[in-house]
1. Rounded, prolate or oblate: which fits the range 22-173, taking a ≥ b ≥ c as square roots of the Cα gyration tensor eigenvalues, rounded meaning a/c under 1.5, else prolate when a/b beats b/c?
2. Whose amide H sits under 5 Å from the amide H of residue 302, counting only residues 5 or more places off or on another chain, with H placed in the peptide plane?
3. Taking amide H positions as placed in the peptide plane 1.01 Å from N, state which residues far from residue 264 in sequence (5 or more) or on other chains have amide H under 5 Å from it.
4. Taking springs between alpha-carbon atoms closer than 10 angstrom, which of 121, 227, 273 fluctuates most in the Gaussian network model of the chain?
5. Using helices alone, I'd like the mean residue ellipticity at 222 nm for the chain: each DSSP H run of four-plus residues gives -39500 (n - 2.57), total over residue count, nearest 500.
6. Taking 0.36 nm per residue of separation and subtracting the Cα-Cα distance, what length does fully extending residue 129 through residue 61 add?
7. Pick from 288, 104, 165 the residue whose mean-square fluctuation is largest in a GNM of the chain, springs joining Cα atoms under 10 Å.
8. Starting with the fewest neighbours, write out 320, 257 ranked by other beta-carbon atoms found within 10 Å of each beta-carbon.
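No lab work stands behind these numbers, since they all come straight from the coordinates. Keep in mind that what you see is a predicted model, and the values were worked out from it rather than measured. Because the Cβ atoms are built from the backbone with ideal geometry, glycine has one as well, and the counts that use them run over all protein chains shown.
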Amino acid sequence: MYNQSVRVFVWALTLTLMQAEANRPAFSDWLTAVRQEALSRGIRQEIVDAALSGIDEPVPIILERDRAQAEVVLPLENYLKRILTAKRIRNGREHYADQRELLNEVGQKYGVPPRIIAAIWGVESNFGSFSGVRPTVAALATLAWDPRRATFFRGELFNALEILNRGDIDLADMKGSWAGAMGQVQFMPSSYLKFAEDYDGDGRRDIWSSPGDVFASIANYLKGHGWTAGQTWGREVAISTEALHHIHGDVPFREGSCRATRDMTVAQPLTKWAALGVRLPGGKPLPNSDLAASLVSGAKRQFLVYTNYEALLEYNCAHSYAISVALLGDAISQGSAEPAKHRAAKANAHGQP
């Protein structure tokens with residue numbers, strides 16, 4: 001049944017794309033129209049020329065990546081194992097130690113825990129070590145011409161041109177993922193225009209190379225999507241198979257446009273979850289509180305999540321992503337590591353290169 005459903009979905013998507021492709025203009029004609037619209041939006045002529053002149057055709061690898069996206073994500077537990085490796089956690093603790101002062105400063109200003117800022121930084125760009133090499137404008141132009149999500153990516157293309165028009169980044173440095181997400185924070189251009197911050201005060205919102213701008217932009221995004229200072233994201237819980245079966249029959253799931261939202265229950269007070277058999281790992285009782293929480297269930301692991309968790313879903317609406325960020329943040333803040341200068345001094349003292 002599952003395979004049949006996938007085949008039907010792929011067939012329907014293919015038919016829709018074929019119909020759309022039959023009606024779309026040649027890429028050169030389409031790009032001419034984009035140029036004209038960009039100028040009408042107030043983008044300077046020199047910006048339009050520089051950004052679009054080198055794009056002669058859609059980028060094949062971008063279309064291949066778009067078509068190859070998995071329709072069904074990895075099970076939650078599998079995804080967590082892939083993200084929460086000992087190496088990533090160790091690396092995260094070292095970067096957290098190196099940037100602790102700045103992360104604490106930004107966290108205090110925006111009301112977002114430093115560990116959560118660091119965890120998003122870690123998941124999005126491996127703590128700044130890799131944020132993508134694809135030229136953003138060419139990627140967005142390719143996806144905006146392609147019929148699958150043309151309206152969305154056309155808007156993002158004009159937003160990218162506006163960023164260049166404002167002078168926040170040079171064209172040669174505007175790079176990111178194949179889908180147009182940019183910098184160490186992996187913002188789409190629309191998110192950049194709304195949430196990117198110039199924390200270091202140099203007149204540019206540099207999410208590509210400025211640690212202050214990177215951390216402040218992440219924090220500003222979460223704050224702008226409802227993160228409440230002084231509250232946490234949630235907690236892992238233990239539920240018996242019998243209790244979980246009863247919960248799924250008694251507590252309704254939420255509605256929403258995002259699949260992850262529909263895969264979590266409506267919020268209930270912790271006292272009700274306790275009455276339904278939910279416990280802390282190890283069997284201890286939940287706090288006696290009316291704080292509302294929703295249940296997120298994997299195949300084997302269960303989590304009660306609070307309203308701040310929804311800000312993580314706004315960053316990427318997938319439980320695998322949001323739970324990974326939350327658990328990575330907890331892990332890197334609970335361990336210890338020395339700052340880089342201390343590690344280097346020890347290495348030199350022992351004659352290590």
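1. It comes out oblate by the Cα gyration axes.
2. For residue 302, the qualifying residues are 237.
3. Those lying under 5 Å, H to H, from residue 264 are 254.
4. Ranking 121, 227, 273 by mean-square fluctuation puts 273 first.
5. Computed ellipticity for the chain at 222 nm equals -17000 deg cm²/dmol.
6. 22.2 nm
7. Ranking 288, 104, 165 by mean-square fluctuation puts 288 first.
8. So the ranking, lowest neighbour count to highest, is 257, 320.
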